[in-house]
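Peer 1: Handing you a structure now.
The values are calculated or read from the model by the stated rules, or taken from the named source; none is laboratory data. The model shown is predicted, which means the values in this text are computed figures rather than measured ones. Here Cβ is always computed from backbone atoms with ideal geometry, including for glycine, and neighbour counts include all displayed protein chains.
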Amino acid sequence: MDAADLAYAGLARQADLVVGGEVSARELVDATLARIERIDPVLNAYRVVFAERARAEADSVDAHRRDAGDRPLLGVPVAIKDDCDVAGEVTAWGTDAHGPAVAADAEVVRRLRRAGAIVIGKTHVPELTIVPFTETPTFGKTRNPWDLERTPGGSSGGSGAAVAAGLAGAALGSDGAGSIRIPAGWCGLFGLKPQRGRVPMAPHVENWHGLSTFGPLTRTVADSARFYDAVSDGGPSFAAAAARPPGRLRVAVSTNVPAPVTAKVAPEHLGAVESTAELLRALGHEVVERQIDWGSAFLGVVTRYLRGIHDAAATLPHPERLSRRTRGYVRLGGLIPPPALARARAAEASDRARINAVFAEGADVVLTPTFVRGPLRIGEYEGRGAQWTLNGTARVVPHLGPFNATGQPAAAVPAGFHEGLPLSVQLVGRPEDEDTLLSLAAQLEEARPWAHRRPPHAP
């Protein structure tokens, strides 16, 4: 296997190669570091790379491989989004307003290490992880390896670019209003936002008032399943679910845009939903049209999101260093009083009941667009203020945030290409039911493979 094939093998295959002794962890890490050195100056996916530390950890893996026990991510280079703590490094949140280096790994990072993963670096995010594009005054612009004039998305944009370009076996992201699914969709990856509470957020109690959760961006469904088995709080095996045929399911298709957003889904993105629906029918599933009643979920997300930004900024030691646009978001969040936040959180139960009525009526999975349009151009919101940016970007990804409010699992699944850029659809599961999503997504992947496709700017 040559270096490029190894880099693009993905987390599960890389771990199997190391466990089987076909590739050493040091070879895998060195190949990844060589790609980062060659490709990342163009993409700008990483804020910091732990080259020497990663090599030392790889050498330790190789020295003790036969005694490693059951470590499902053994030797795999994994990138960490820069909103998650890695011991000895600052958590920058896309800004120079951050505090000092942290003393301990976040719990999810500790679990990755326990599973044998090698933390190879931290990936760029937009300032305070606010927007769906990864561009900051402090750290510059992160580019999409499919088209260097396009964003990989956000806020897990660096993670998406790194995995899409073969600069990590997988990457940790987080999703507060689509921030795993957006870069997964725009980078041709699989991205599952798990059930709220499935992955520990410690040392954080909750981010954005309960909207956000950690999870991976990966090349394949099996990669995500193995990652979740390593970091989640118990329960059935996700890897087993991904390997299991889904049986005949009832899939409801919903393309209506949540109020009060006014946006039309572009023809190519409607086409991705329609072609996926046809494929599901061909695979034996029942596919019906059933438009979701979104209720007030979208407004509830905006309320919690803006207040969350305000509260996060209040914890920074140097808030004066934030950009003008971010300070605008902070001000908008400050206009939301505690009673309004409490009402938004109290409305979660009724919003969940409205949205999940489709499951009560017999659906097993819901299929929606991931986006209403293709990836934003680099600099598209350059110089724009908070209100303009909020209004504009909300129209691009309106179908994602409501499932952060309900807390249930939802995944971005690759669905072909349009003019050289990846297309994606969203699959949404019942509460607590990642298993069905993984099983169905794996079936789609087998019928319409995507992981073999490599972006032109990451040879």
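Peer 1: Out of (1) more than 19 Å from Leu189 (Cα to Cα); (2) buried (at least 24 other Cβ atoms within 10 Å of the Cβ); (3) more than 15 Å from the chain's Cα centre (by Cα), the odd one out for Ala115 is which?
Peer 2: Tallying (1) more than 19 Å from Leu189 (Cα to Cα); (2) buried (at least 24 other Cβ atoms within 10 Å of the Cβ); (3) more than 15 Å from the chain's Cα centre (by Cα), Ala115 fails exactly one: (2).
Peer 1: Applying the selection to segment 205-240, what residues are over 24 Å from Ala161 (Cβ atoms) and either in contact (Cβ under 8 Å) with a residue 12 or more places away in the chain or of a type in the set (Gly, Ala, Ser) (or both)?
Peer 2: Scanning segment 205-240 gives His209, Gly210, Asp229, Ser232, Asp233, Gly234, Gly235, Pro236, Ser237, Phe238, Ala239, Ala240.
Results for (1) of a type in the set (A, V, I, L, M, F, W, C); (2) touching a Leu at 6+ places or on another chain (Cβ under 8 Å); (3) under 17 Å from Leu427 (Cα atoms); (4) modelled with pLDDT of 95 or more, shown as yes or no for each residue.
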site	(1), (2), (3), (4)
Val251	yes, yes, yes, yes
Pro260	no, yes, no, yes
Val265	yes, no, yes, yes
Glu278	no, no, yes, yes
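Peer 1: What pairs can you find where one residue is in segment 170-183 and closer than 14 Å to Thr218 by Cβ and without any contact (Cβ under 8 Å) to a residue 60 or more places away in the chain, the other is assigned to a strand (DSSP E or B) and not polar (S, T, N, Q), and their Cβ atoms are less than 8 Å apart, with a gap of 6+ or different chains?
Peer 2: Pro183/Gly173; Pro183/Gly191; Pro183/Leu217
Peer 1: Let me ask something else. Have a look at Pro126, Pro132 and point out the one that is surrounded by 24 or more Cβ atoms within 10 Å (Cβ to Cβ) and without any contact (Cβ under 8 Å) to a residue 40 or more places away in the chain.
Peer 2: Pro126
Peer 1: Continuing with this model, one more query. Output the qualifying pairs, or none if there are none: Cβ atoms under 8 angstrom, residues six or more apart or on different chains, first residue in segment 189-202 and assigned to a loop (DSSP other than H, G, I, E, B), second residue crowded, with 22+ Cβ neighbours inside 10 Å and of a type in the set (D, E, K, R).
Peer 2: Leu189/Arg219; Pro194/Glu434; Gln195/Glu434; Arg198/Glu434
Peer 1: May I ask you to list the residues in segment 242-280 that are of a type in the set (S, T, N, Q) and not in a loop (DSSP other than H, G, I, E, B)?
Peer 2: Ser275, Thr276
Peer 1: If you take the residues of segment 54-70 that are in contact (Cβ under 8 Å) with a residue 40 or more places away in the chain and not β-branched (Val, Ile, Thr), which of them is surrounded by the fewest Cβ atoms within 10 Å (Cβ to Cβ)?
Peer 2: Ranking the qualifying residues of segment 54-70, first place goes to Ala68.
Peer 1: With the structure loaded, tell me whether Ala34 is within 19 Å of Gly173 (Cβ to Cβ) and either under 25 Å from the mean Cα position of the chain (by Cα) or touching a residue at least 24 places away in the same chain (Cβ under 8 Å) (or both) or whether it fails that test.
Peer 2: No: the conditions fail for Ala34.
Peer 1: Can you name the residue in segment 326-384 that is hydroxyl-bearing (Ser, Thr, Tyr) and in a helix (DSSP H, G or I) and, of all such residues, is surrounded by the fewest Cβ atoms within 10 Å (Cβ to Cβ)?
Peer 2: The residue in question is Ser350.
Peer 1: Among the residues of segment 323-335, is there at least one that is among the polar types (S, T, N, Q) and closer than 19 Å to Asp293 by Cβ?
Peer 2: No, because not a single residue in segment 323-335 is among the polar types (S, T, N, Q) and closer than 19 Å to Asp293 by Cβ.
Peer 1: Right, next: Go through Val86, Val90 for me and flag whichever is of a type in the set (A, V, I, L, M, F, W, C), without any contact (Cβ under 8 Å) to a residue 24 or more places away in the chain, farther than 29 Å from Phe298 by Cα and part of a loop (DSSP other than H, G, I, E, B).
Peer 2: So the residue among Val86, Val90 that is of a type in the set (A, V, I, L, M, F, W, C), without any contact (Cβ under 8 Å) to a residue 24 or more places away in the chain, farther than 29 Å from Phe298 by Cα and part of a loop (DSSP other than H, G, I, E, B) is Val90.
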